[in-house]
Structure formats: C-alpha cells, structure tokens
1. Determine which single condition B:Met96 fails, assuming it passes every other condition in (1) at the interface with another protein chain (Cβ under 8 Å from one of its Cβ atoms); (2) over 27 Å from A:Ile9 (Cα atoms); (3) part of a strand (DSSP E or B).
2. Take the conditions within 14 Å of chain A (Cβ to nearest Cβ), over 23 Å from A:Gly94 (Cα atoms) and open to solvent by less than 50 Å² (accessible area, probe 1.4 Å) and apply them to B:Ala87. Does it pass?
3. Does the range B:12-43 hold any residues that are open to solvent by 20 Å² or more (accessible area, probe 1.4 Å) and part of a strand (DSSP E or B), and which are they?
4. From A:Ser80, A:Ser110, grab the single residue that is in contact (Cβ under 8 Å) with a residue 12 or more places away in the chain, in a loop (DSSP other than H, G, I, E, B) and more than 12 Å from the chain's Cα centre (by Cα).
5. Going by the structure shown, is B:Arg36 in contact (Cβ under 8 Å) with a residue 60 or more places away in the chain and under 23 Å from A:Gln42 (Cβ atoms)?
6. Considering the range A:9-48 alone, what residues qualify as being closer than 11 Å to A:Cys91 by Cβ and open to solvent by 30 Å² or more (accessible area, probe 1.4 Å)?
7. So which of A:Ser84, A:Ser80, A:Ser14 is at pLDDT 95 or above, of a type in the set (Ser, Thr, Tyr) and closer than 26 Å to B:Cys91 by Cα?
8. What tally of residues in the range B:39-93 results from selecting those that are more than 30 Å from A:Ile9 (Cβ to Cβ) and in contact (Cβ under 8 Å) with a residue 12 or more places away in the chain?
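The values are calculated or read from the model by the stated rules, or taken from the named source; none is laboratory data. As the structure is a computational prediction, the values presented were derived from the model and not from experiment. Note that each Cβ is placed from the backbone with ideal geometry, even for glycine, and that neighbours are counted across all protein chains shown. Surface accessibility is based on the protein's heavy atoms, side chains included, excluding ligands, DNA and RNA. Shrake-Rupley method; radii C 1.70, N 1.55, O 1.52, S 1.80 Å.
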Amino acid sequence: AQSVTQPDIHITVSEGASLELRCNYSYGATPYLFWYVQSPGQGLQLLLKYFSGDTLVQGIKGFEAEFKRSQSSFNLRKPSVHWSDAAEYFCAVGLGSQGNLIFGKGTKLSVKP
Amino acid sequence: DGGITQSPKYLFRKEGQNVTLSCEQNLNHDAMYWYRQDPGQGLRLIYYSQIVNDFQKGDIAEGYSVSREKKESFPLTVTSAQKNPTAFYLCASSIMGLAGLSSYNEQFFGPGTRLTVL
C-alpha cells in the first residue's frame, strides 16, 4: 500500500541555521510528490511539487526539495531558517489519475531566536 | 480573488446532533475533498468528489455524509454516528483534467473548520 513517512515529529533549529525535513514514500509507480506548510489553525499552502525532470525542485519562501528515487525520499531543505518558518510541514504523494493525495503525519518546526 | 472558503471557522455542537460544514470554491475545479486532521495524525481523507453528483468514500468515511449538487459546493455532514467528531476539518479542491496527467493533482486548501462536540 502507498504510504508516506516523516520520521521527525518535531524539529527545533536556530534562526539562520540550515534545515532539512525528511520524507520517505512507498509507491509502486512514478510518484507525484508535494510539500505543504500549515500555520497553526490555518489551511495548507503548497511549497513545491515534483512530477518529473530535474530532481532538485525550487519552491516558494526559499525552500527546495530533492527527489532521490534510489532512496524513495523527497527531503525538504532551506539554507537559512527565519522565525516565520515555524509551522507544520507535510509531505504528500499523489495517486496519479485519481487525484488523491496521501499525507505524512507532519513535522512541526520550531525556530529558536 | 479565487479560492476556497469554509464556514464557520469554529463550530460547537452538542453530542448527538448532526452538523453540516460548508465548503465553497470559485476556482472552477472539478474535484473536491474533505480531510480530517487530528494532532499527530496528519490528514486523513473522508470523502472526495471528482465530478458533480458523484462522490467516493475515503479512508474514514464512517459517520460522515456529503453531497455534490453543484461544482462549487461540497458540504460535509458530521452525523451522530461519528464516534469522535471533535477535530479540524479541511476542504480542498483540484483540477482533475484527463486521467494520468500529473499536473492536475495539486490540491488547494481552505482555511479549515474546527468542530468541537460538547
């Protein structure tokens, strides 16, 4: 069965430090991969997506993610974290023609001053 | 501005009452979705609809019902059969397009409704 794993429930980084959030997926076909961000009490906003082509994907707010087929991973990175990046981050895999997404359980990011 | 609206933002109901959550979109999207979010559980799919007058159960449909009479609207009813209805509910929509075309899988989310059953 398809699944998405985000191994880290909660991560704390200092402002200005680099960030990497991990995402592993299990899916038989070529995956459609997404990262979303959610501020407390809000809906989800798309950060970036991967469908095909270049495995390094650039998104909004300075985020990027790299698709590694051999590792079934799609990790999210940011070189320098800002206090406003504190939020919960969700990785998701799209189920092709059905249009459905399977979400990981999320990683909550806290930023220390 | 195009987008998805959910109302109300906060909803309180007594145990045993049915309650309907509203979701409206003006993005002209074909597909609409309802998710339930609980702390530490991520998003779980309740129902989805790919076209008007048609919908399918998601992973946790028990105790919920939906309708899709208009393209723009996809209301969710939380019935008294739902054993633990207190949660944050998110509605989303996407363009379906032709089957297999990857660019149509991106989902756009509303701001959510927090339902508390007392």
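1. (3)
2. Judged against the criteria, B:Ala87 is a match.
3. Here is the first cut: in the range B:12-43, the ones open to solvent by 20 Å² or more (accessible area, probe 1.4 Å) are B:12-18, B:20, B:22, B:24, B:26-28, B:30, B:37-41.
Scanning the range B:12-43 gives B:Phe12, B:Arg13, B:Thr20, B:Ser22, B:Glu24, B:Gln37, B:Asp38.
4. Values: A:Ser110 fails: in a loop (DSSP other than H, G, I, E, B).
Exactly one of A:Ser80, A:Ser110 is in contact (Cβ under 8 Å) with a residue 12 or more places away in the chain, in a loop (DSSP other than H, G, I, E, B) and more than 12 Å from the chain's Cα centre (by Cα), namely A:Ser80.
5. Numbers: in contact (Cβ under 8 Å) with a residue 60 or more places away in the chain: no; under 23 Å from A:Gln42 (Cβ atoms): yes.
No; evaluated as a whole, the condition is false for this residue.
6. A:Arg22, A:Asn24
7. On the way: A:Ser80 fails: closer than 26 Å to B:Cys91 by Cα; A:Ser14 fails: closer than 26 Å to B:Cys91 by Cα.
It is A:Ser84.
8. Filtering the range B:39-93 for residues more than 30 Å from A:Ile9 (Cβ to Cβ) gives B:49-56, B:65-75, B:77, B:79-81.
Restricting the remaining residues to those that are in contact (Cβ under 8 Å) with a residue 12 or more places away in the chain gives B:49-55, B:65-75, B:77, B:79-81.
Residues meeting the conditions: 22.
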